[in-house]
Amino acid sequence: MINTLLFLPLCAGALSLLFALFRTIWISRQEQGDDKLKEIGKAIRDGAMAFLSHEYRILAIIVAAVAVLLFFGERSVGRLVSLSFLLGAVFSGLAGFVGMNAATRANTRTAQGAKQGLVRALRIAFTGGSVMGLSVVGFGIIGLTALTMIYMHFIGSDAATLDKVVLPIISGYSLGASSVALFARVGGGIFTKAADVGADLVGKVEAGIPEDDPRNPATIADNVGDNVGDVAGLGSDLCESYIGSIIGAMVLGGTLREANLVVLPLFIAGGGVIISLLSTFFVRTREGGDPQRALNFGTMGASVLMIALSYPIVQWFAPAEFGEGYVRFGIFISIVTGLVIGVLIGIVT
């Protein structure tokens with residue numbers, strides 16, 4: 001029964017990726033601007049893609065080496081841990097690549113849209129950014145749910161097996177995502193900071209070229225670094241954090257010897273994917289309006305809808321009482337607390 005229901009979060013992840021694809025196509029069809037804008041945009045995109053391709057080739061060697069070590073590390077489950085590790089690494093890398101692909105397409109189109117007004121610019125910019133978010137949760141939840149379904153089917157779905165065998169194997173998925181996130185985030189971050197300093201010291205101080213002038217080659221390099229570090233690297237980083245937090249909650253359910261509590265985080269995450277997708281339509285503003293208010297409205301709208309959806313999910317899957325005096329309403333309160341604190345942190349910062 002539980003294994004069949006896991007198709008729901010799996011479908012939520014697939015829908016997220018499909019929506020991200022449609023949004024990428026929509027961005028590609030928007031006006032890029034004049035020849036100068038196209039030239040600058042192409043230089044940034046070509047540089048970002050070249051850097052990411054080279055970085056991923058090196059990462060592939062590292063990931064393969066670690067996968068081999070895991071494969072022979074533990075005879076009973078090493079092969080499955082290695083498989084989980086590889087899938088986590090691939091999906092984390094894909095999340096960063098897809099997000100950066102959309103971002104490098106959206107940047108010049110956003111600049112061109114800004115010439116027409118705030119509404120147009122915000123729509124293109126937010127659409128480009130939403131591709132990253134939808135890709136992160138899509139790849140994350142699809143891989144994690146698929147592995148859970150497969151291992152539960154072939155290894156076992158009782159609480160003891162999930163806790164002692166299945167969850168340790170699935171943890172390899174988080175490790176794979178973390179390995180890519182570490183190198184992608186740090187590598188891209190170092191590159192962009194080096195280019196930023198170069199634009200300041202050499203271009204602006206020595207050559208007298210303004211820091212953000214496209215004639216300053218370090219400016220182009222800085223923008224390349226922003227894309228590979230703050231977009232692709234951050235996407236992989238967010239994917240790893242997203243996967244790790246879900247697995248952490250699943251492990252807590254496993255220690256309580258409750259099978260339903262192990263899979264509950266997957267359904268909560270799947271519901272969150274659908275709510276986030278719908279809430280992207282809440283981000284709207286008018287000419288002369290405040291873009292930050294539009295973003296806040298989308299965040300708060302998503303949180304309210306998530307609170308409304310999480311209650312029936314918890315009521316359905318969580319046992320009335322579990323552990324040493326715990327009740328399922330406490331899980332709901334924890335979800336609400338996390339959402340409220342998360343929104344407040346976003347508003348304050």
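Close contacts from the stretch 158-169, counting a first residue that is within 14 Å of Leu264 (Cα to Cα) and free of Cβ contacts under 8 Å to residues at least 60 places away in the same chain and a second that is of a type in the set (Asp, Glu) and assigned to a helix (DSSP H, G or I), with Cβ to Cβ under 8 Å and a gap of 6+ residues or different chains, come to none at all.
Residues of the stretch 1-31 that are among the polar types (S, T, N, Q) and either crowded, with 19+ Cβ neighbours inside 10 Å or within 25 Å of Ala95 (Cβ to Cβ) (or both): Ser16, Thr24, Ser28, Gln30.
Scanning the stretch 204-246 for residues that are more than 28 Å from Ala95 (Cβ to Cβ), in contact with a helix residue (DSSP H, G or I) (Cβ under 6 Å, 6 or more places away or on another chain) and not in a loop (DSSP other than H, G, I, E, B) yields one hit, Ala218.
Suppose we filter the stretch 201-221 for residues that are closer than 22 Å to Leu37 by Cα, free of Cβ contacts under 8 Å to residues at least 60 places away in the same chain and under 36 Å from the mean Cα position of the chain (by Cα); how many remain? Walk me through how you get there before you give the answer.
Keep residues of the stretch 201-221 that are closer than 22 Å to Leu37 by Cα, which gives 203-204, 209-221.
Narrowing the set further to residues that are free of Cβ contacts under 8 Å to residues at least 60 places away in the same chain leaves 203-204, 209-213, 215-219.
Subset that is under 36 Å from the mean Cα position of the chain (by Cα): 203-204, 210-213, 215-219.
Final tally of qualifying residues: 11.
State yes or no: is Gln315 at pLDDT below 90, surrounded by fewer than 19 Cβ atoms within 10 Å (Cβ to Cβ), over 21 Å from the mean Cα position of the chain (by Cα) and part of a helix (DSSP H, G or I)? Answer is no for this residue.
More than 24 Å from Gly47 (Cα to Cα) and either of a type in the set (A, V, I, L, M, F, W, C) or in contact with a Leu (Cβ under 7 Å, 6 or more places away or on another chain) (or both): is that true of Met132 in this structure? It would help to see each step written out before you state the result.
Numbers: more than 24 Å from Gly47 (Cα to Cα): no; either of a type in the set (A, V, I, L, M, F, W, C) or in contact with a Leu (Cβ under 7 Å, 6 or more places away or on another chain) (or both): yes.
No, not satisfied.
As an exercise: evaluate Asn296 against (1) surrounded by 17 or more Cβ atoms within 10 Å (Cβ to Cβ); (2) farther than 22 Å from Ala249 by Cβ and give the number of the one condition it does not meet. (1) is the only condition that Asn296 fails.
In contact with a Gly (Cβ under 8 Å, 6 or more places away or on another chain), buried (at least 17 other Cβ atoms within 10 Å of the Cβ), hydrophobic (A, V, I, L, M, F, W, C) and assigned to a helix (DSSP H, G or I): which single residue out of Ala177, Ala199 fits that description?
Working: Ala199 fails: in contact with a Gly (Cβ under 8 Å, 6 or more places away or on another chain).
Sole residue among the options that is in contact with a Gly (Cβ under 8 Å, 6 or more places away or on another chain), buried (at least 17 other Cβ atoms within 10 Å of the Cβ), hydrophobic (A, V, I, L, M, F, W, C) and assigned to a helix (DSSP H, G or I): Ala177.
Among the residues of the stretch 280-312, those that are of a type in the set (D, E, K, R) and either touching a Pro at 6+ places or on another chain (Cβ under 8 Å) or not in a helix (DSSP H, G or I) (or both) comprise Arg284, Arg286, Glu287, Asp290.
Can you tell me which residues in the stretch 318-349 are part of a helix (DSSP H, G or I), in contact (Cβ under 8 Å) with a residue 40 or more places away in the chain and surrounded by 12 or more Cβ atoms within 10 Å (Cβ to Cβ)?
Residues of the stretch 318-349 part of a helix (DSSP H, G or I): 328-348.
Still in the list and also in contact (Cβ under 8 Å) with a residue 40 or more places away in the chain: 331, 335, 343, 346-347.
Ile331, Ile335, Val343, Gly346 - these are the residues of the stretch 318-349 that are part of a helix (DSSP H, G or I), in contact (Cβ under 8 Å) with a residue 40 or more places away in the chain and surrounded by 12 or more Cβ atoms within 10 Å (Cβ to Cβ).
Residues in the stretch 43-78 that are of a type in the set (Phe, Trp, Tyr) and over 12 Å from Val180 (Cα atoms): Phe51, Phe71, Phe72.
The values are calculated or read from the model by the stated rules, or taken from the named source; none is laboratory data. Model, not experiment: these values are computed from the prediction. Virtual Cβ from ideal backbone geometry, glycine too; neighbours counted across all protein chains shown.
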